Amino acid sequence: STKTQNKNLVFEQGDLVNLDHDKSYDVIISMDVLEHINDDHSVVENFKKCLDPDGILILHLPRRNSDAWRFLPMFHSYQTHDHVRPEYTYTEIESLLTVSGFKIISRYDTYGKWGELAFELNYLFWNKPAIRAILALLTYPLSFFFGHLDLKSKNKQGNAFLIIAKPN
């Protein structure tokens, strides 16, 4: 476990499956983490146990690959090697949160078409790391530009979603 403190703000890094339930948090932010953990249900329940009653849970999750859209054919079968599940559908994560005692306050689609294009350019030849690294350096300026466009866009449908939830 790593801990960094700055006046009234504390960042902690630790094992989400074995959280210390004696601690209480105002905000828990989980960015693209749950799809890497086998027991995601226990992690979400731990979030609930450690969150203040008025606290907020912020989750960012990738949309299931088969539900996502891709530009380049080589990404139609793209899989992240350390994901333990094929990402999430909104219905699945909504169910997991509800069963664990959370109420969803809002949901936003993220990682729109410009962001997907930036990702694909940055990960060309994703299955060949040496070639990918060289191409990532070459395509970085264009990927950065597309990523910036994505941040400025309102994504009506994205390849990921951001969920804000509160304990019931």
Margin query: Run the reach check for Lys166 against aspartates and glutamates, Cα to Cα strictly under 18 Å, same-chain hits fewer than 8 apart removed. What comes back?
Written below: Asp26, Asp40, Glu45, Asp52, Asp54, Glu92, Glu94
Check: Quick one: net charge of Tyr90's neighbours, Cβ under 13 Å, K/R +1, D/E -1?
Finding: -2
Item checked: Surrounding net charge for Asp26, when Lys and Arg each add one and Asp and Glu each subtract one, Cβ distance under 15 Å -> +2
Checklist line | Surrounding net charge for Leu59, when Lys and Arg each add one and Asp and Glu each subtract one, Cβ distance under 10 Å | finding: 0
Notebook entry, point to check: What is the extension gain from Ile56 to Arg85, computed as 0.36 nm multiplied by their sequence separation minus the C-alpha to C-alpha distance, in nm to one decimal?
Noted result: 7.9 nm
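What trypsin sites (Lys or Arg not before Pro) in region 107-168 are in a loop by DSSP, with at most 12 other Cβ atoms within 10 Å of the Cβ?
Lys154, Lys156
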Next item on the list: Starting from the Cα-Cα distance between Met74 and Lys49, subtract it from 0.36 nm times their residue separation and give me the gain in nm to one decimal.
Entry: 4.8 nm
Next item on the list: In debye, nearest 20, what is the charge dipole magnitude of region 91-168 about its Cα centre with +1 on Lys and Arg Cβ and -1 on Asp and Glu Cβ, if you could check?
Entry: 160 debye
Check: Size of the dipole of the chain about the Cα centre, Lys and Arg at +1 and Asp and Glu at -1 on the beta carbon, nothing else charged, in debye to 20?
Finding: 600 debye
Next item on the list: May I ask which residue of Ser77, Leu59, Val10 lies farthest towards the positive end of the charge dipole of region 1-101, with charges of +1 (Lys, Arg) and -1 (Asp, Glu) on Cβ and the Cα centre as origin?
Entry: Ser77
Item checked: Relative contact order of the chain, defined on C-alpha pairs under 8 angstrom at six or more residues apart (%) -> 27 percent
Next item on the list: Compute the FRET efficiency between Ile131 and Ser42 as 1/(1 + (r/R0)^6), taking r as their Cβ-Cβ distance and R0 = 45 Å, and round to the nearest 0.05.
Entry: 0.70
Note to self: Which one, Glu94, Glu12, Glu116, has the greatest fluctuation when you compute a Gaussian network model over the chain with C-alpha springs under 10 angstrom?
What the structure shows: Glu12
Next item on the list: For Ile56, enumerate residues with amide H under 5 Å from its amide H, sequence gap 5+ or separate chain, H modeled in the peptide plane.
Entry: Val27, Ile28
Next item on the list: Could you size up the charge dipole of region 1-85 around its Cα centre, putting +1 on the beta carbon of Lys and Arg and -1 on that of Asp and Glu, and report it in debye to the nearest 20?
Entry: 300 debye
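As a test of the formula, what do you get for the chain when each DSSP H run with n ≥ 4 contributes -39,500 (n - 2.57) and the sum is divided by the residue count, at 222 nm and rounded to the nearest 500 deg cm²/dmol? Don't jump to the answer; show the numbers that get you there.
Numbers: 4 runs with 55 residues, N = 168.
Using -39500 (n - 2.57) per qualifying helix, the result is -10500 deg cm²/dmol.
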Notebook entry, point to check: Gap in Å between the Cα centre of region 1-54 and the Cα centre of region 94-164?
Noted result: 23 Å
Item checked: Tensor-based shape of region 8-98 (alpha-carbon gyration tensor, a/c under 1.5 rounded, otherwise prolate or oblate) -> prolate
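Values quoted throughout were computed directly from the atomic coordinates according to the rules given, and no laboratory measurement underlies them. Everything quoted here is computed from the prediction, not taken from an experiment. Methodologically, a virtual Cβ is constructed for each residue, glycine included, from the backbone with ideal geometry; neighbour enumeration extends over all protein chains shown.
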